[in-house]
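Nothing in this text is a laboratory measurement; each read-out follows from the coordinates by a stated rule. Just so it is clear, the structure is predicted and the values come from calculations on it, not from any experiment. Glycine also receives a Cβ, built like all others from the backbone with ideal geometry; neighbour counts cover every protein chain displayed.
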């Protein structure tokens, strides 16, 4: 059943599925459960060797747009010709705008996004609204489609897309925000930053990324093994250098513990080297990427969950990591850092312990405290589970997004939503249907 009266939403994603983006997978599955009709347009094909089994439950069709201009030249040409014939004036105006606004050497990238948008317009059928995850490339493609065909769009922002490289000051980011029907932020902190940056009335709705509480039930028993778990992409903002240094300090004190790091990323080599240099090879094991059900089993055995987030030199940072929510839901005592956004999830001394970013000594001291105090671990975990149930249940959180999306339905189908047919140019869209 589709309570939207036939309204279909086009989801514009950079890559789907992606192992590290369980928040998007959760959102899609929950919107589908609540009766929203989606069609996923992915700008890239998945590259992860591991995937979450829940991906198989996605019912929405997935269209993979051409990743490069030369990959599917006939399809790219068809998109150009159909859109040019139907929206000639808007086509040329948008193309000139992109050419003039592109930095030196960046026109090829802009041209690719233009061609992806034209393919999207040609293949979107009766879709009348696009929702872009991330305010960078996916939102750019949605904006191009809006300029050419008039299709409305909205944006969900995260962290890297608005904080890295001081993007909040970018006029291009501001334009994407202003032209969007609405903008979703994943925390009150980032919503306030967006409103302040655009410096005008902006329809920003803070909606927390929710988790599936049925997939992460509260465990029944407290583990006896002193296992410390940390999960995340191996990039600067996750603070693994501080975590490894904290482990070295714990080893120097002669404490009994074992650590497992779950994840992969471009700093994998540097992390392995630091583990060797710190002499903690016997204490830390790098697990690599894991699908959600295996991570859930690992959380069952963890005594402590530690995530030493920092703000990276380029401004990239974490807001509300899903792995923290998952650990708190299961009942693992958490240690993380004082960062705006994270403090909307973890309250120091009540639902977890917080230390200053970039402070391995403070991190080690908090871990040591938890290792030696079962009563503290259990009290923190009990209150943390309550917070997750009250504020981070995907059913209630994504119901807010559902109402926003269904509120975009126009009174009558727009011309942009009509199927573009040219029998001599028609080619089946590249889809994976589940």
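Rg over Rh of region 227-391, using C-alpha atoms and the Kirkwood radius, what does it come to?
On the way: Rg = 14.4 Å, Rh = 15.6 Å.
Value, to two decimals: 0.93.
Could you put 60, 190, 396 in order, starting from the residue whose Cβ has the fewest other Cβ atoms within 10 Å? It would help to have the intermediate numbers written out before the result.
On the way: 60 21, 190 25, 396 14.
Final ranking by Cβ density, sparse to dense: 396, 60, 190.
Taking 0.36 nm per residue of separation and subtracting the Cα-Cα distance, what length does fully extending residue 34 through residue 368 add? Don't jump to the answer; show the numbers that get you there.
Values: separation 334, 0.36 × 334 = 120.24 nm, distance 4.39 nm.
Residue separation times 0.36 nm, minus the Cα-Cα distance, leaves 115.9 nm.
If you compute Kirkwood radius over Cα pairs in Å for the structure shown, which of (1) 22.3; (2) 25.2; (3) 23.0 do you land on?
(3)
Extending each Cα 7 Å along its Cβ direction at residue 170 and residue 399, get the distance between those two points in nm, one decimal.
3.5 nm
Below 8 Å between Cα atoms, with a sequence gap of 6+, how large is the relative contact order for region 227-391 in percent? List each step's numbers first, then the result.
Working: 291 pairs, mean separation 40.9, N = 165.
That works out to 25 percent.
In whole Å, what three semi-axes, largest first, describe the equivalent ellipsoid of region 118-201 built from its Cα gyration tensor (square root of 5 times each eigenvalue)? Walk me through the numbers on the way to the answer.
Numbers: eigenvalues 110, 27, 26 Å².
Listed largest to smallest, the semi-axes of region 118-201 are 23, 12, 11 Å.
Relative to the longest principal axis of the chain, what angle (0 to 90°, nearest 10) does the C-alpha long axis of helix 73-86 take?
Helix 73-86 sits roughly 60 degrees off the main axis of the chain.
When a footprinting reagent is the concern and you count Cβ atoms within 10 Å, what order do 208, 64 take, fewest first? Intermediate results must be reported in sequence, preceding the final value.
On the way: 208 23, 64 20.
By the 10 Å Cβ count, ascending, the order reads 64, 208.
Computed FRET efficiency, Cβ-Cβ of residue 293 and residue 48, R0 22 Å: what is it to the nearest 0.05?
Details: r = 15 Å, r/R0 = 0.70.
According to the calculation, E is roughly 0.90.
Please work out the C-alpha center-to-center distance from region 146-199 to region 241-262 and express it in whole Å.
If you average the Cα positions of each part, the centres end up 39 Å apart.
Once you keep just the Cα pairs under 8 angstrom separated by 6 or more residues, what percentage relative contact order results for the chain? Don't skip to the end; give the middle numbers.
Numbers: 812 pairs, mean separation 83.4, N = 434.
Relative contact order here is 19 percent.
Fewest to most neighbouring Cβ within 10 Å: what's the order for 156, 63, 169? Provide the component values of the computation, followed by the final result.
Working: 156 25, 63 19, 169 9.
So the ranking, lowest neighbour count to highest, is 169, 63, 156.
Please compute the modelled spin-label separation between residue 103 and residue 301, points set 7 Å along Cα→Cβ, answer in nm with one decimal.
4.6 nm
Would you calculate the separation in nanometres between label points at residue 285 and residue 220, each defined as 7 Å from the Cα along the Cα-to-beta-carbon direction?
2.5 nm
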